[in-house]
Amino acid sequence: MANSLDTFLFVSIAVALISFAFAAWLFSWVKSRPSENARIAEVGEYIREGAHTFLRKEYVMLAKFAGAAAFLIILFLPRPIWAGNPAENIVMAISYLAGTVFSAVAGVIGIRVATVANVKTAEAAQQGIKPSFMAGFRGGAVMGMAVVGSTLLGVALIMLITKNTTDLLGFSFGASSLALFAKAGGGIFTKTADLSADLVGKVELGIPEDDPRNPAVIADNVGDNVGDVAGMGADLFDSNVASLAAALVLASVLDSAAGNMINSSMVLCYASLGLIASILGVAMARMGDKGPTHALNNSTYYTTGIFIALTAVATILFGFQWRIWGASVSGLLVGVIIGIATDYYTDDTKKPVQTAAKASEDGPALTILSGVSYGFLSVLPAMVGIAIAALVAYKLCEPIGEGYAMFGIAMAAVGMLSIVGMIISNDAYGPIVDNARGLAEMGSLGEDIVEITDQLDSAGNTVKAITKGFAIAAAGLTVIALLGAFTSEVNAAAAEHGVAGITGFDIMDPVVFFGMLVGAAVPSVFSAMLMIGVNRNAERMIAEIHRQFNEIIGLKEGSPGVIPEYARCIEIATVGALHELIPAGLVAILITLGVGFIGGVKAIGGFLTGNIVSGLLLALFMSNAGGLWDNTKKYIESGHHGGKGSAAHKAAVTGDTVGDPFKDTAGPSINTQITVVSLIASLAASLFLTYSLF
């Protein structure tokens, strides 16, 4: 049975359909929660309409980009249409478009659910923290089940129809390119609104975070959905597809040499069992007396244990290699350890956040320095963890035979992302409870209810930092595996052209070193362009907020019946985000193609190496520093170091506004960027081999 790939493909499709059915049940459960507050319903509708409007406009723009990219794929990939088989190029283009569609649908589902769950979570807080937690978590779990189900379904269908792993790379490129722009656009939107609302509302006027007088408050809540739900969902969809694509490319080479399909079957089997483990973990999740953070972390640990047990049984039943199982488990365990390390640097019950809060008493400069310092410190355990996972996987699988060492790294990435259904559930919980907190305040539910939602929100901030660290680490292992897939694609093209292939990349070779230096610089440029976009957009929104407070009589005083022009701020955030989202991603793609056509496959090997190392470091630093600043603010607002309105609080708000584009715009977009350029390298390997300058 282990040799029958079709059997595992059909099983994967069946498991994906089960996850969709479970997601539908979760959605119906969330939707059935009572909601009767008219004001909350009104504000919830503003948020829902704003999120859907942005998503529609963004997807129209991205559809044009995808159409242009598909046309270029038909002309040039996997080889120029005049030099190869046109049917292959057309299938590649269709696979690419399928990847964009699957990713977009996952984002739409996430937005639809989150904008219902936020209202239900806010009103459930009136019955207590546990009912509110369950509404938020199960709302997030719908996104988790939908994204991973879509991943498994898409990969299985592409493999079943085309039987070609290169087309699978095209599907992955579609998912990655849409994720790159969706994450960038959503990140720019959400941080434009968040930063503007905080700087004018909290810092200048001293009004509460979600005060309905603030013209940017609805845009801020819309941003939570388009950035942290649709954007992060597309990001993790992309990472999961890329890990499976890389593993299946390497597995197909090994299977071809062995004359069976056992390695490809193993990839699909483990991915299916990971989704089953996530379904069971979500179903078991409950909040006890130790708080929401403990409940969310326990759910991850339970899911991890279930996956390890299920894959061990599958390894016995189907005769899979225990060494490869060990590589998968090592990846998963390192992912959990990275999560624990991230938790230490971002949780408000731990020393780093509390130290930063104490430093805030002496002004924003020390707040910033504390966040930067701890952010850099937090990089070490994650980078070492990724290195250990890659090394353990490589050495475990090396004795099996040639090619298995790199396959082991690919399976470590599959293992790390095996419980991604639970990870996305935890991640999507964050923006849902963040919205719920705002709705509770705007619906005048009282300080006790706002305090409950604050506790849920604080846990969401911590868990979001953990899931971002997890996603970045998984992307690190995935792109190392994609480097192996790139080598495999180059060697296949070299065999066709009758030229020598490659076995590795010598950094003393000036062509390789040239690529490495350029690759290392790209994440910095990419991040800077995104954050400059946030800055430009925020300037426009701050001017609009000032205009409304100055021109709308009675708005600043909160006179009855006086309502800000919320739609104007939503429009500014939307137009600005759509204007800024394409250039940064396009620069990364064009630089990759430039390096490939100048230096060839050796330069691209160096480029990918530099891009991976630099990108991982920057992404981890920005994600963790931003998470620390956010929870430093929350810690002070809970009554420490003078509480709300104190000098420490104003300093912490400044830190949080710096951290916002770090953790929600640039940081989590970098791992998508390194995945995109790695996939482009693999897809264009034949072109770089035959048409390069050097």
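Here are a few things to note about the model shown:
- Average Cα contact separation per residue, the stretch 334-400, under 8 Å, 6 or more apart, as relative contact order %: 34 percent
- Virtual paramagnetic centre 7 Å along Cα→Cβ of Ala68, amide N under 17 Å, in the stretch 81-103: 97
- Met284 - accessible surface, heavy atoms, 1.4 Å probe, Å² rounded to 10: 100 Å²
- Each Cα pair under 8 Å and six or more residues apart adds its separation to the average, and for the chain the resulting relative contact order is 21 percent.
- A crude spin-label estimate for the pair Ile90 and His294, with each label 7 Å from Cα along the Cβ direction, gives 6.1 nm.
- Computed over the stretch 143-239: relative contact order in percent, which uses C-alpha pairs under 8 Å that are six or more apart: 40 percent
- In a DSSP loop and with at most 10 other Cβ atoms within 10 Å, there are no chymotrypsin sites (Phe, Trp or Tyr not before Pro) in the stretch 594-655.
- For the stretch 295-308, backbone phi angles converted through the Karplus equation (6.51, -1.76, 1.60; θ = phi - 60°) give residue-by-residue couplings of 5, 5, 5, 4, 4, 5, 5, 4, 5, 4, x, 5, 4, 4 Hz, Gly and Pro being listed as x.
- Glu88 accessible area, 1.4 Å probe, all protein chains in place, Å² to nearest 10: 80 Å²
- Karplus-derived 3J(HN,Hα), 6.51/-1.76/1.60, for each residue of the stretch 389-402, Hz, glycine and proline x: 4, 5, 5, 4, 4, 4, 5, 4, 9, 4, x, 5, x, 4
- Largest-first ordering by accessible area, 1.4 Å probe, given options Glu447, Glu361, Glu544: Glu447, Glu361, Glu544
- Pairwise FRET efficiency - Lys395 versus Ser646, Cβ, R0 = 51 Å, nearest 0.05: 0.45
- Across the stretch 148-189, the residues whose backbone nitrogen lies under 19 Å from the label position 7 Å along the beta-carbon direction of Ala257 are 165-166.
- Shown for the chain: the carbon plus sulfur share of the solvent-accessible area, taken with all protein chains present and a 1.4 angstrom probe, equals 67%.
- Estimated distance in nm for a label pair at Thr355 and Tyr691, the labels positioned 7 Å out from Cα along Cα-to-Cβ: 5.3 nm
- The calculated FRET efficiency for Leu369 paired with Ser4, based on their beta-carbon distance and R0 = 45 Å, is about 0.15.
- Solvent-accessible surface of protein heavy atoms, probed at 1.4 angstrom with all chains present, puts Lys183, Lys644 in the order Lys644, Lys183, largest first.
- Rolling a 1.4 Å probe across the protein heavy atoms gives the chain an accessible surface of 32 Å² per residue.
- Placing pseudo-labels 7 Å out from each Cα toward the beta carbon at Ala528 and Arg540 gives an inter-label distance of 2.3 nm.
- Candidate residues Met134, Met143, Met383: accessible-area rank, largest first, probe 1.4 Å: Met383, Met134, Met143
The values are calculated or read from the model by the stated rules, or taken from the named source; none is laboratory data. Since we're looking at a predicted model, the values are computed, not measured. Using ideal geometry, Cβ is built from the backbone for each residue, glycine included, and neighbour counts are taken over all protein chains shown. Heads up: the accessible areas ignore ligands, DNA and RNA and are worked out on the full protein's heavy atoms, side chains in. Shrake-Rupley method; radii C 1.70, N 1.55, O 1.52, S 1.80 Å.
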